[in-house]
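Undergrad: Pasting a structure here, questions to come.
Only the coordinates and a few stated rules stand behind these numbers; no lab work does. Keep in mind that what you see is a predicted model, and the values were worked out from it rather than measured. As a convention, Cβ positions derive from the backbone with ideal geometry for all residues, glycine included, and neighbour counts pool all protein chains shown.
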Amino acid sequence: MNHPITRSTAVLFLLLFALNACKQADNKSQNQKNTSAADQNWWKEAVVYQIYPRSFKDSNGDGVGDLNGITSKLDYIKSLGINTVWLNPVYSSPNTDNGYDVSDYRNIMKEFGTMGDFDKMLKGMHERGIKLVMDLVVNHSSNQHEWFKQSRSSRSNPYRNYYHWWNAERGKPPYRYSLFDVNHDAWKYDSLTNAYYLHYFSVQQPDLNWENPKVRQEVYSIMKFWADKGIDGFRMDAYQFAAKDTTFPKIPVNGQNFMKYYAIGPHLHDYLKEMNREIYSKYNLMSVAEGAGNSLQDAHDMVDADRHELNMAYAFDGVSVAKANGYSLLELKNVFSRWDSAFAKKGWLSIFLANHDQARLVSRFGNDSPEFREVSSKMLNTFLLTMRGTPYVYNGDELGMTNAGFTKIEDYNDIALRNEYQHMENTGGDLKQFLQLAGKENRDNSRTPFPWNGSANAGFTTGTPWLKINPNYKTINASAEDKDPNSCLNYFRKVVKLRKDNPVLVYGKYTLLDKSNPNVYAYTREYNGKKLLVLLNFKNKAAVVNTGIDLAKAKVLLGNYAEPAQDAKLRPYEAVVYQL
Ligand code: GLC
Ligand code: CA
């Protein structure tokens, strides 16, 4: 946990609960009756495009992306063929963690605009048939939220129990790890009331006390506020941390069951059921939790339609396969196949390999050298859009954007990284190695402003961008790629359309082929008598695949080379989708 590699993407690693206890859950889910996997739903058919508002488009020259910027680009978003947008938090926030520290859940962050701008943006999306999923950040609030100000003011304040306090006369509270704290300590001493408060993330992000029914009612009322505005769903940030053992027992040293003490507490499912009764059952909202529990069984229980909790969750096993020095395709295939089989009959999956907490898709899972960047980016997007489950695509990955690769600490904004750097400085760690790894792994790699065109500041802003623009924007930008029929962007549009035109890609059964092939990922999708075959070479060399299927009569639906392979030999990073 304290290792520098894990630290820069610490969120991810703490959330990857699922590696251990998978097998028993597999069996259980196979036995359950076949009810919901094939039930059709708009959120199963959604292709989710994630917009990082700070970096998407600046409309007023202050260097920060904003809501009017997004509204001005709705036609571009529509042109991708996607039908759902997930927007990172846009609520009022002092911005220590770029909006993941909310100070007022019913207002818009000043830098991003006004509620009027929000309404305009939402209307513009709906006019184009695009749904909007908002980020709901309720494991913690900002320490600038009125609740917290009240809560810390005195021990008898009515808001005291909105957060987790530990009175100092009880001694030091049992250690809890903090993801973003300079000292990794999740308890912050506050002399005002001689007590410690809990913050799993930074000191500016105190954890809300979900045991308190008033807190839960506040959250439902916030959800109702946005649902009544007509939004279409919530992505529940860091949600499984909300349910925790609030007696805060000592965690055994080297305890295997760290997570048992830390998250996914005994009442997680009670909270979700209550939230479902109060909100989700009353609106046509999509719900997706960040984090999918400790095991496939946890994940399954969160999203089994019969249990009335959530539609989807997303686990971190897939993204965690990539390490700084590469990854094993066999492991990747294994993770995705295992997850698919656990949800084959009930429940529903999310498919993703990148987001605002990860380095860039093509840099981590493909090859960002000039020779292979385009072809490998197309291959990866083919993968994301031909799997069963709802795909999430992070803005810029449709262009094949690459890591920023910053080399200086001053270039970074990420609070997790900056605090860890300070920690390393305090403890005499290897700062050079730390920065080298950060250049590959840190999440700011994917947060650089969106390159709209080859003009100054990539057409993102007329001012000074809040985070440096990737220097390769002159070649990798939306305008240039729009004009090039063979660009990543135009390929992305094709593969989204392929999914839309072929429900088999949404609902069809997934079967892994040539399982032990270390280079090629091959699978079929089958639904209502239709069968597609997907072949993906994940390597920079030609590779042979052995599926046992005669391709002579197969029809090529899409490929990332001008002349797609007609035999079992694939060129570097080749992707082909056949109809059998
Ligand atoms: C989630 C978000 C991440 C944020 C953290 C704290 O993991 O995706 O960006 O820093 O929660 O809210
Ligand atoms: Ca702006």
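Undergrad: Got a sec to turn the phi values of the stretch 489-499 into Karplus ³J(HN,Hα) couplings, 6.51 cos²θ - 1.76 cosθ + 1.60 with θ = phi - 60°, whole Hz, x for Gly and Pro?
TA: Once rounded to whole Hz, the list reads 4, 5, 5, 4, 4, 5, 6, 5, 5, 4, 5.
Undergrad: Taking neighbour Cβ counts within 10 Å as the exposure measure, how do Glu211, Glu127, Glu169 sort from fewest upward?
TA: Glu169, Glu127, Glu211
Undergrad: Still on this structure, I have one more. Mind listing the phi-derived Karplus ³J(HN,Hα) values for the stretch 297-305, rounded to whole Hz, using 6.51, -1.76 and 1.60 with θ = phi - 60°, and x for any glycine or proline?
TA: Whole-Hz 3J(HN,Hα) from phi for the stretch 297-305: 5, 4, 4, 4, 5, 5, 10, 5, 4.
Undergrad: Still on this structure: Taking N as the number of residues in the chain, what value does Rg over Cα atoms divided by 2.2 N^0.38 Å take?
TA: Normalised by 2.2 N^0.38 Å, the Cα Rg of the chain equals 0.94.
Undergrad: Residue-wise, which Karplus ³J(HN,Hα) couplings in Hz belong to the stretch 129-141, taking 6.51 cos²θ - 1.76 cosθ + 1.60, θ = phi - 60°, and x for glycine or proline?
TA: Rounded to whole hertz, the list is x, 10, 8, 10, 9, 9, 7, 10, 9, 10, 6, 8, 10.
Undergrad: Rounded to the nearest 500, what is the chain's calculated 222 nm mean residue ellipticity when only DSSP H runs of at least 4 contribute -39500 (n - 2.57) each, over all residues?
TA: The helix-only estimate for the chain comes to -9000 deg cm²/dmol at 222 nm.
Undergrad: Grab the alpha carbons of the stretch 355-467, take their convex hull, and tell me the volume per residue in Å³.
TA: Here the figure is 123 Å³ per residue.
Undergrad: Give or take rounding to whole Å, what are the principal axis extents of the alpha carbon atoms in the stretch 139-223, in descending order?
TA: 35, 27, 21
Undergrad: Among Trp42, Thr193, Asn419, whose Cα projects farthest towards the positive end of the dipole of the chain, with charges put on the beta-carbon of Lys, Arg (+1) and Asp, Glu (-1)?
TA: Trp42
Undergrad: Can I ask one more? What are the semi-axes of the equivalent ellipsoid of the stretch 433-523, taken as the square roots of 5 times the eigenvalues of the Cα gyration tensor, listed largest first and rounded to whole Å?
TA: 33, 22, 12
Undergrad: Additional query: Mind listing the long-range amide H neighbours of Asn95? Cut-off is under 5 Å, sequence gap 5 or more, other chains count too, H placed in the peptide plane at 1.01 Å from N.
TA: So Asn95 has HN proximity to Asp101.
Undergrad: Still on this structure, I have one more. To one decimal place, what Kirkwood hydrodynamic radius in Å is obtained for the stretch 509-579 from all pairs of distinct Cα atoms?
TA: 12.1
Undergrad: Can you give me the convex hull volume of the Cα atoms of the stretch 259-302, divided per residue and expressed in Å³?
TA: Per-residue hull volume (Cα only) is 74 Å³.
Undergrad: Something else now. Nothing charged except the Cβ atoms of Lys and Arg (+1) and of Asp and Glu (-1): what's the magnitude of the dipole of the stretch 146-198 about its Cα centre? Round to the nearest 20 debye.
TA: My answer is approximately 140 debye.
Undergrad: While we're on this one: In whole Å, what are the Cα extents of the stretch 97-242 along the three principal axes, biggest one first?
TA: 58, 30, 27
Undergrad: Another one. Going by amide H atoms built from the backbone, whose H comes under 5 Å of the H on His140, apart from near neighbours?
TA: Leu208
Undergrad: What are the principal axis extents of the Cα atoms in the stretch 186-324, in Å, biggest first?
TA: 43, 41, 30
Undergrad: Relative contact order, percent, of the chain when contacts are C-alpha pairs under 8 Å separated by at least 6 residues?
TA: So the answer I get is 16 percent.
Undergrad: While we're looking at this one, here's another question. Computed on alpha carbon atoms, what radius of gyration and Dmax characterise the stretch 429-580, expressed in Å?
TA: Both quantities, over Cα of the stretch 429-580: 19.9, 60 Å.
Undergrad: Check which residues have an amide H placed less than 5 Å from Ser59's amide H, if you skip close sequence neighbours.
TA: Asp66, Gly69
Undergrad: On to the next question. For the chain, give the magnitude of the charge dipole about the Cα centre (Cβ charges: +1 Lys/Arg, -1 Asp/Glu; no others), in debye to the nearest 20.
TA: About 1100 debye.
Undergrad: Quote the charge dipole size of the stretch 509-579 about the Cα centre in Debye, to the nearest 20; the model charges only the Cβ of Lys and Arg (+1) and of Asp and Glu (-1).
TA: Dipole of the stretch 509-579, to the nearest 20 debye: 140 debye.
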